[in-house]
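Scroll down for the structure; my scribbles are underneath it.
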Amino acid sequence: MAKNALLEIKRSLEPHVGQKIMLRANGGRRKTIERSGVLEETYPSVFIVKLDQEQHAFKRVSYSYADILTDSVQVTVVSDEEQVRITYIQH
């Protein structure tokens with residue numbers, strides 16, 4: 001079940017490689033970290049985001065698909081026409 005959920009999240013991210021995304025991550029102790037960048041690559045267990053250089057001290061971050069599944073990270077794909085949030089909805 002969980003493996004299928006992670007695969008579905010990965011498949012929902014793959015068409016957006018190269019597009020701008022917004023990240024909201026749980027930073028612990030009631031902190032929320034917001035970042036923006038470009039979805040650079042998807043791998044079997046993680047995805048890589050190249051961050052906007054003027055806003056962040058480092059170039060890339062990686063998150064696992066389980067982070068999206070557990071809602072530790074919220075990913076929103078931003079385009080001119082719309083914003084699409086990537087989530088997993090249990091069937």
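The values are calculated or read from the model by the stated rules, or taken from the named source; none is laboratory data. As the structure is a computational prediction, the values presented were derived from the model and not from experiment. Don't worry about glycine lacking a Cβ; one is built from the backbone with ideal geometry, like all the others, and counts go over all protein chains shown.
Quick check on this structure: which one of 65, 43 is in contact (Cβ under 8 Å) with a residue 12 or more places away in the chain and either aromatic (Phe, Trp, Tyr) or touching a Pro at 6+ places or on another chain (Cβ under 9 Å) (or both)?
Step by step, each of 65, 43 is checked, and only 65 is in contact (Cβ under 8 Å) with a residue 12 or more places away in the chain and either aromatic (Phe, Trp, Tyr) or touching a Pro at 6+ places or on another chain (Cβ under 9 Å) (or both).
Condition (residue is in contact (Cβ under 8 Å) with a residue 12 or more places away in the chain, loosely packed, with under 15 Cβ neighbours inside 10 Å and of a type in the set (Gly, Ala, Ser)) applied to the stretch 3-11: is it met by at least one residue?
The answer is no; no qualifying residue exists.
Within the stretch 45-63, track down each residue that is in contact with a Leu (Cβ under 9 Å, 6 or more places away or on another chain), at pLDDT 95 or above and over 15 Å from residue 22 (Cβ atoms).
48
Condition test on residue 25, is it assigned to a strand (DSSP E or B), surrounded by 11 or more Cβ atoms within 10 Å (Cβ to Cβ), at pLDDT 85 or above and aliphatic (A, V, I, L, M)?
yes
Against the definition (surrounded by 11 or more Cβ atoms within 10 Å (Cβ to Cβ) and of a type in the set (Asp, Glu)), how does residue 52 come out, yes or no?
So residue 52 passes the test.
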